[in-house]
Amino acid sequence: MTPALHEVNRPIVRVFQTAEMASNAVADLIEQRMLARPAITLGLATGATPRLVYRKLVERAGAPSWRHLRCFNLDEYVGLAAHHPASFAHYMRELLFDHVDIATARTHIPDGMAPDLDAAAETYEQLIAESGGIDLQLLGIGRNGHIGFNEPGSSHDSRTREVQLALSTIDANRPDFPEGEEPPATALTMGIGTILDAREIVLLATGSAKAEALAAMLEGPISLDCPASALQRHGAVTVFCDKAAAANLNFEQLDMRGSAHAAA
Ligand code: PGA
């Protein structure tokens, strides 16, 4: 049953002067959670936004150790092999996994090369459940309000599945692909329901291109038009953003609804 709004804690919003400061704070939070629970299950994100977070984590790698944790990435393109430079498997190896003490077997990314994508999606959900569920999920937000690759219109109960990417998403991701190569039009993604099952969620948004989506997520109605608005009913969400991404937020309104914010 969906909890009434007064029964959940609204997302906490923390605004930082720069993207680097916001990313540092996210890295700090991930490390705190890893120290508190060495066998933590992390949900990880890709894209431009979390690059600095991973850089910070790698710079400080060693303490805490990554040996006992398990991680699950949000999504992967359909039809891209793990060695493709634009695959999220490649991204994760390059930015994080190759630089920390985590065994490959403990890192999970949806298999966009699976001959049976429905079966791969179901297996992914089972693996998450078998690992005890995601303790801390890191998210970015798309300009259209997507989380993972859950585009506008996605059910808030959705689970891991194959999805069609919005044209704006394909365009936004085109620079990651070699010149002349068309990005895939479909992907495997955790569903919004899968994401909402995480015990704690951290969403990082930086840059003015995210200002509109962030305002819709936090101040708009909970609606299928803005997939990230589903996070309003989670109860343990912290948004880390820079001033540029926070530009459209109306803090008075947020505070009235019970959110807290801190400028750093
Ligand atoms: P970006 O993507 O970090 O590349 O802007 C975020 C997202 O689409 O979730």
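The values are calculated or read from the model by the stated rules, or taken from the named source; none is laboratory data. If you're wondering where the values come from, they're calculated on a predicted model, not measured in any experiment. Neighbour counts run over all protein chains shown; Cβ positions are idealised from the backbone, glycine included. Quick note on the areas: whole protein, heavy atoms, side chains included, nothing else; ligands and nucleic acids left out. Shrake-Rupley method; radii C 1.70, N 1.55, O 1.52, S 1.80 Å.
Worth a mention:
- Of everything in the stretch 172-187 that is within 15 Å of the ligand (Cβ to nearest atom) and either over 20 Å from Ala245 (Cα atoms) or of a type in the set (Gly, Ala, Ser) (or both), the residue that is most open to solvent (accessible area, probe 1.4 Å) is Pro175.
Conditions (1) touching a strand residue (DSSP E or B) at 6+ places or on another chain (Cβ under 8 Å); (2) modelled with pLDDT of 95 or more; (3) assigned to a loop (DSSP other than H, G, I, E, B), marked per residue:
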{"site": "His6", "(1), (2), (3)": "no, no, no"}
{"site": "Glu20", "(1), (2), (3)": "no, yes, no"}
{"site": "Ala39", "(1), (2), (3)": "yes, yes, yes"}
{"site": "Gly43", "(1), (2), (3)": "yes, yes, no"}
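- Yes/no for Pro50 being under 18 Å from Phe149 (Cα atoms) and open to solvent by less than 40 Å² (accessible area, probe 1.4 Å): yes
- Filtered residues of the stretch 33-47 (kept if without any contact (Cβ under 8 Å) to a residue 40 or more places away in the chain and surrounded by fewer than 19 Cβ atoms within 10 Å (Cβ to Cβ)): Leu35, Ala36, Pro38, Ala39
- Residue count for the stretch 90-128, restricted to those that are in contact (Cβ under 8 Å) with a residue 24 or more places away in the chain, closer than 28 Å to Met34 by Cβ, of a type in the set (D, E, K, R) and in a helix (DSSP H, G or I): 2
- Residue match in the stretch 194-204 (condition: away from the ligand (no atom under 16 Å from the Cβ), out of contact with any Phe, Trp or Tyr (no Cβ under 8 Å at 6 or more places or on another chain) and of a type in the set (Lys, Arg)): yes
- Residue within the stretch 196-209 that is in a helix (DSSP H, G or I), open to solvent by 10 Å² or more (accessible area, probe 1.4 Å), within 23 Å of Phe72 (Cβ to Cβ) and in contact with a Lys or Arg (Cβ under 9 Å, 6 or more places away or on another chain) present: yes
- Within the stretch 155-165, considering residues that are open to solvent by less than 20 Å² (accessible area, probe 1.4 Å) and within 21 Å of Pro183 (Cα to Cα), the one farthest from the ligand (Cβ to nearest atom): Thr160
- When the residues of the stretch 210-250 are filtered to those that are free of Cβ contacts under 8 Å to residues at least 60 places away in the same chain and in contact with a strand residue (DSSP E or B) (Cβ under 8 Å, 6 or more places away or on another chain), the one that is least open to solvent (accessible area, probe 1.4 Å) is Ala245.
- Checking the stated criteria, Phe149 turns out to be closer than 28 Å to Phe240 by Cα, within 16 Å of the ligand (Cβ to nearest atom), open to solvent by less than 40 Å² (accessible area, probe 1.4 Å) and among the aromatic types (Phe, Trp, Tyr).
- Total residues in the stretch 144-188, condition among the hydroxyl-bearing types (Ser, Thr, Tyr) and in a strand (DSSP E or B): 1
- Against the test of being open to solvent by 10 Å² or more (accessible area, probe 1.4 Å) and among the small types (Gly, Ala, Ser), the options Gly140, Gly191 yield a single qualifying residue, Gly140.
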